[in-house]
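Take a look at the structure set out below.
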Amino acid sequence: MQISVVNSNLCHPIASFPSSTFHSHRFSKRISGNGTWVRERTRLYVNSSNSEAKTDESSQKSSSNTTSSFLSFLCPLLKVFSGGDPSQQRNHTLEVATSSLASVARLPWGSRVSTGSIDNQYVSSNPPLRLQLFEFEACPFCRRVREAMTELDLSVEVYPCPKGSLRHRELVRRSGGKEMFPFLVDPNTETLMYESGDIVKYLFKQYGNGRGPSTGLLESTLFTGWMPTLLRAGRGMSLWDKASTDLPPKMLELFSYENNPYSRLVREALCELELPYVLHNIGEGSTRMISLLNASGSNKVPFLVDPNTGVQLGDYQKILAYLFKTYSSAASA
């Protein structure tokens, strides 16, 4: 059985899922670009059918608890090997080497736009309102969703939720009822979703224009799933203890693609600073390449735009230095 729900106001159908029912609740408030709560809206969950609900719920709780326990164990352990304060001088040769190995572990996912069965690979999939993704960089399940977004050529709002998060973890708990990541908010269909596999299927169903996830994207092995987290020694996992508690008025913008080793280093920093940003995915075949060329004069990523200061930077080392200097607690004092 398949059930589709259509929002008459937005005229965007919610993707069909086999053997599922939708339960409508109140989404207390939605986060806006500047981190404030805005108007109330309905939220829709995709839940398993009654005959499978107890089994699925038990399985999800077990998986979630195991992952949470593993990350809780990894977090302090990896911090020992991460080089300490992320704002201090780094061994960039080692940083790039480990990030490049992390990219190799995730090849070919998150590097190019998926073409699938569509006739024109340059068709834009972007919905009228940007999707909102609550995640943290070191999480292997969040990585899977970001890879799917690269394949779908989507621009999304990212709200980092590192361990020790002061803002965004609480928003997820209030909105969805539990602190679990990744967490997707789709204001176009008024949908809220946990579980990386479900999110990836939803994204391709809703915004894939006939495409499907690339082979292996929905699978995760110890090597391909956790290796980037281990290689990067937990970077992008915890909130920097000197991060500013003040939210910038405007969201930063990052041109990137998931499996780029230099972009990974910048996303880690944005996560450790808990800075929300608009992620413009620029995978191979992206419709957004012209925008990047116009903004930077180059097709290289990462490229950061900070509308709060007018700064635009394309070198990852300069970006890191800028972020930790500009958005430290000392700078905002």
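Would you be able to tell me the number of residues in segment 150-190 that are under 20 Å from Trp109 (Cα atoms) and in a helix (DSSP H, G or I)?
Going through segment 150-190 one residue at a time, the tally reaches 2.
Consider Val200 carefully, then state whether it is in contact with a helix residue (DSSP H, G or I) (Cβ under 7 Å, 6 or more places away or on another chain), farther than 15 Å from Val158 by Cα, outside any loop (DSSP other than H, G, I, E, B) and not small (Gly, Ala, Ser). Give the derivation first.
Details: in contact with a helix residue (DSSP H, G or I) (Cβ under 7 Å, 6 or more places away or on another chain): yes; farther than 15 Å from Val158 by Cα: yes; outside any loop (DSSP other than H, G, I, E, B): yes; not small (Gly, Ala, Ser): yes.
When the stated conditions are applied, Val200 passes them.
Pairs, please: C-beta under 7 Å, at least 6 apart or cross-chain, first residue under 16 Å from Glu137 (Cα atoms) and in segment 90-115, second of a type in the set (Phe, Trp, Tyr) and surrounded by fewer than 21 Cβ atoms within 10 Å (Cβ to Cβ)?
Filtered contacts from segment 90-115: Ala105/Phe223.
Identify all residues within segment 156-173 that are open to solvent by 10 Å² or more (accessible area, probe 1.4 Å) and either hydroxyl-bearing (Ser, Thr, Tyr) or in contact with a strand residue (DSSP E or B) (Cβ under 9 Å, 6 or more places away or on another chain) (or both); write none if there are none. If you could, list the steps in order and put the result at the bottom.
Residues of segment 156-173 open to solvent by 10 Å² or more (accessible area, probe 1.4 Å): 157, 163-167, 169-171, 173.
Result: Glu157, Lys163, Gly164, Ser165, Leu166, Arg167, Arg169, Leu171.
Please state which one of Gly212, Gly216, Gly234, Gly177 is in contact with a Cys (Cβ under 8 Å, 6 or more places away or on another chain) and either under 15 Å from Phe134 (Cα atoms) or not hydrophobic (A, V, I, L, M, F, W, C) (or both). Lay out the reasoning, then the answer.
On the way: Gly212 fails: in contact with a Cys (Cβ under 8 Å, 6 or more places away or on another chain); Gly216 fails: in contact with a Cys (Cβ under 8 Å, 6 or more places away or on another chain); Gly177 fails: in contact with a Cys (Cβ under 8 Å, 6 or more places away or on another chain).
Answer to the check: Gly234.
From (1) modelled with pLDDT under 90; (2) within 18 Å of the chain's Cα centre (by Cα); (3) in a helix (DSSP H, G or I), pick out the condition that doesn't hold for Gln60.
The failed condition is (2).
If you check Ser329 against the conditions, is it polar (S, T, N, Q) and touching a Phe, Trp or Tyr at 6+ places or on another chain (Cβ under 8 Å)? Steps first, please.
Details: polar (S, T, N, Q): yes; touching a Phe, Trp or Tyr at 6+ places or on another chain (Cβ under 8 Å): no.
Considered against the rule, which asks whether it is polar (S, T, N, Q) and touching a Phe, Trp or Tyr at 6+ places or on another chain (Cβ under 8 Å), Ser329 comes out as no.
The values are calculated or read from the model by the stated rules, or taken from the named source; none is laboratory data. Quick caveat: nothing in here was measured; it's all calculated off a predicted structure. Reconstructed Cβ throughout: ideal geometry from the backbone, glycine too, with neighbour counts over all protein chains shown. Keep in mind that these areas ignore ligands, DNA and RNA; they rest on the heavy atoms of the full protein, side chains included. Shrake-Rupley method; radii C 1.70, N 1.55, O 1.52, S 1.80 Å.
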